[in-house]
1. In the stretch 155-189, what residues are open to solvent by less than 50 Å² (accessible area, probe 1.4 Å), within 30 Å of Pro64 (Cβ to Cβ) and in a helix (DSSP H, G or I)?
2. Please enumerate the residues belonging to the stretch 150-204 that are of a type in the set (Phe, Trp, Tyr) and either under 15 Å from Met96 (Cβ atoms) or touching a His at 6+ places or on another chain (Cβ under 9 Å) (or both).
3. Taking only the stretch 151-189 into account, find how many residues are at pLDDT 90 or above and either more than 18 Å from the chain's Cα centre (by Cα) or charged (D, E, K, R) (or both).
4. So the check is Cβ under 9 Å with 6+ separation or different chains; which pairs have a first residue in the stretch 116-129 that's within 14 Å of Gln220 (Cβ to Cβ) and a second one that's among the charged types (D, E, K, R) and crowded, with 24+ Cβ neighbours inside 10 Å?
5. If you check Asp87 against the conditions, is it over 22 Å from Thr185 (Cβ atoms), part of a loop (DSSP other than H, G, I, E, B) and not polar (S, T, N, Q)?
6. Hey, can you tell me all the residues within the stretch 36-81 that are more than 22 Å from Leu192 (Cα to Cα), of a type in the set (Lys, Arg) and in contact (Cβ under 8 Å) with a residue 60 or more places away in the chain?
7. Could you tell me whether the stretch 223-240 includes any residue that is at pLDDT 95 or above and within 23 Å of Pro32 (Cβ to Cβ)?
8. Identify all residues within the stretch 222-251 that are open to solvent by less than 10 Å² (accessible area, probe 1.4 Å) and either at positive phi or part of a helix (DSSP H, G or I) (or both); write none if there are none.
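The values are calculated or read from the model by the stated rules, or taken from the named source; none is laboratory data. All of these numbers come straight from a predicted model, not from anything done at the bench. Cβ atoms come from the backbone with ideal geometry, glycine included; neighbour counts cover every protein chain shown. Side chains are part of the model used for accessible areas, which takes the heavy atoms of the whole protein and leaves out ligands, DNA and RNA. Shrake-Rupley method; radii C 1.70, N 1.55, O 1.52, S 1.80 Å.
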Amino acid sequence: MPTVVTDDAVTLSYIDEGTGPAVVLIAGFCAPATTWALQQKALVAAGYRVLALDRRGHGASEAPPHGASMERHGRDVANILAALSVDDAVLIGGSMGASTVWSYVSQFGTDHVRAVVSVDQTPKMVNSADWPNGFYGLTEEHRKTFFDKGIPDTGHGRPQWKSIPSLLKLVLALRSMPKMASPDTAPMKALLADHAAQDWRATIAGTGRPYLMVAGRDSQFWPAAHASESVELNPLGRSVVLENCGHAANMDRPNEFNTAMLEFLDSID
C-alpha cells in the first residue's frame, strides 16, 4: 500500500484505485480501509478514483502513542488530501470515520470537498434533553467511564449473527478476514473516549456542501432518527434509512448502500 507521512511524522497507509473524481473512504473504530472493498469495486466501476484511508492506529498505518483524538484524525485527512493534491473530494465515513470527516470540515472547511456521506454515525454520542439520538444508555453523567470495558452490548438492533452472510461476502472479496485493530490499547481507548465527547451538529448544520446521512434501521448503537434530524436545519442535507440493516451499513447491506451512495453521487455531478 502507498503511504503518506503526516505533519507530526506518522506514516499512514491508503488504497488508491481507479481514475476520475476522487472519493475518500474512511472506516470506523478499529476497522481497516479494506472493509470498504465492496464499495471500492462499485465506485471504480462507476468511474471514480477511490482513496481508502487507514487512520492512524488502524490497518496498515502506524500506531503511535500520540494523536489519539478526533482533532488529529481530522488533520490527518487534510494532510492526505494535500499530499495527494486532491482538491475536490467526496468524503465518505463510516461510524467514527464519519466523525473524522466532520472533524476535518470543522477545522479546514469545505474548499476541497464536493460532498459528504455519513454512514450510521450520530453527530452527538451523548444523549441529552435536546438530543435523544445518542449511543443507547450514554449520558453526560457517566460519559467518562462508559467505555472503560469496551463498547457495551446495548440490547438494541440487529442480532450480530444476521450479519454473517454479508461478512462472508466481504471475506470472499478480500480472500481473507479484515484485520481489525485492538480496542484495548491506551491510544485507542483515548480515541474512543474523545469520540464520545464530540458534538458535530453545528458543523453539519453549517456545511455548505451536499451531504447524505445514512442510517441502519436496526443499528445496535443509536436510533435511525439521527439521520433525518441531522438534515432538518440544512437544505443541502439528505437522509436515507436502510431497512433490515445494522450499524455496519456498508457491510450489512452492501447492495442497498451502494445504490444509495451512487444515486447521491450521480445527483451532485
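1. Listed by number, the residues that qualify are Leu170, Val171, Leu174, Pro187, Met188.
2. Matches in the stretch 150-204: Trp200 only.
3. The qualifying residues number 11.
4. none
5. Taking the combined requirement at face value, the residue satisfies it.
6. Lys41
7. no
8. If the condition is that a residue be open to solvent by less than 10 Å² (accessible area, probe 1.4 Å) and either at positive phi or part of a helix (DSSP H, G or I) (or both), then His226, Ala227, Ala249 are the ones that fit.
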